[in-house]
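In what follows, a structure is listed as structure tokens, so that the remarks can point back to it.
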Amino acid sequence: MSTISLTAAQAGLLSYETCALLSRPAEPGYCPRCGEELAWRRHHSIQSTWALVIAAAICFIPANVLPVLNSTTLGSVDSDTILTGVVFLYTSGSWPLALIVLIASVMIPLGKLAALA
Ligand SMILES: [Zn+2]
């Protein structure tokens, strides 16, 4: 027994973006449920993706440079960024927690940006 791999587009079907109704395209090209205009592809999707990747790359810098924690101890104020927090956790012996914070806060977002770019 073989499995037939057929996409919705190959079957002549499309999903409307707003209501996700899967149907055959009808003239004049509006969704029968919500009235959205018919489109096989999202308009300007490459440009939108690049704009979001660039915005994410710009936001990634202050997210890792600016302090995320201010702690006050006996009158002294310390500001910690994500990376200084990772270093503090590592030097205090909590290397598994430091590794989790480093991976979840720095490596995964950076990997996602690289993958999208
Ligand atoms: Zn619709």
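The values are calculated or read from the model by the stated rules, or taken from the named source; none is laboratory data. Because the structure is a prediction, the values reported are computed rather than measured. We place every Cβ from the backbone using ideal geometry, glycine too, and count neighbours over all the protein chains shown. These accessible areas exclude ligands, DNA and RNA; they are computed on the full protein's heavy atoms, side chains included. Shrake-Rupley method; radii C 1.70, N 1.55, O 1.52, S 1.80 Å.
In the set (1) open to solvent by 70 Å² or more (accessible area, probe 1.4 Å); (2) touching a helix residue (DSSP H, G or I) at 6+ places or on another chain (Cβ under 6 Å); (3) within 28 Å of residue 17 (Cα to Cα), residue 113 fails one condition alone, (1).
All conditions in (1) in contact with a strand residue (DSSP E or B) (Cβ under 8 Å, 6 or more places away or on another chain); (2) open to solvent by 90 Å² or more (accessible area, probe 1.4 Å) hold for residue 52, with the sole exception of (1). Taken together, the residues in the stretch 12-55 that are within 30 Å of residue 115 (Cα to Cα) and away from the ligand (no atom under 11 Å from the Cβ) amount to 18. The C-beta contact set for the stretch 33-53 (first residue of a type in the set (Phe, Trp, Tyr), second residue away from the ligand (no atom under 14 Å from the Cβ) and open to solvent by 60 Å² or more (accessible area, probe 1.4 Å), distance under 8 angstrom, 6+ apart or interchain) comprises 40/9. Scanning the stretch 64-85 for residues that are open to solvent by less than 70 Å² (accessible area, probe 1.4 Å) and either among the charged types (D, E, K, R) or in contact (Cβ under 8 Å) with a residue 24 or more places away in the chain (or both) yields a count of 3.
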